[in-house]
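Here, each number is a calculation from the coordinates, and none is a lab measurement. All of these numbers come straight from a predicted model, not from anything done at the bench. Neighbour counts run over all protein chains shown; Cβ positions are idealised from the backbone, glycine included.
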């Protein structure tokens, strides 16, 4: 039985529109190598995406206690780092999740979260 994890890729704020074709190609090659390592380990990438920089994001404070929802367009001045992407992986155990997550290419750091099993609740 496999266990699912989300790997959040956190990096310093960046401007996605300033990335050159060469930089993008190099990054995609690194992420391709990560995908190959996952497959070689017998694990699986279930999903993942690169995310735009925070100037394209929206912060939403949900409506509560009769007050309407508040929408704040990015960039967010207090943000020093952003989540620049994520992977959802299926692995055999936490040790394998840690080992594989450490292979995700990043100029920042990673956060690894087990996915909560909500079907049993």
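Here are a few things to note about the model shown:
- Top of 30, 52, 78 by mean-square fluctuation, Gaussian network on the chain, Cα under 10 Å: 78
- Working ranking of peptides 12-22, 93-103, 62-72 by packing, defined as the average number of other Cβ atoms within 10 Å per residue, highest first, is 93-103, 12-22, 62-72.
- The residues 80, 3, when put in order of fewest to most other Cβ atoms within 10 Å, stand as 80, 3.
- Within the chain, helix-based [θ] at 222 nm, where runs of 4 or more DSSP H residues each add -39,500 (n - 2.57), nearest 500: -7500 deg cm²/dmol
- Per-residue Cβ neighbour rank within 10 angstrom, fewest leading, 56, 10: 56, 10
- Size descriptor for the chain, Kirkwood hydrodynamic radius: 16.2 Å (Cα pairs only, one decimal).
- With contacts taken as Cα pairs under 8 Å and at least 6 residues apart, region 3-114 reaches a relative contact order of 51 percent.
- For region 15-82, the ratio of Cα radius of gyration to the globular rule of thumb 2.2 N^0.38 Å stands at 1.62.
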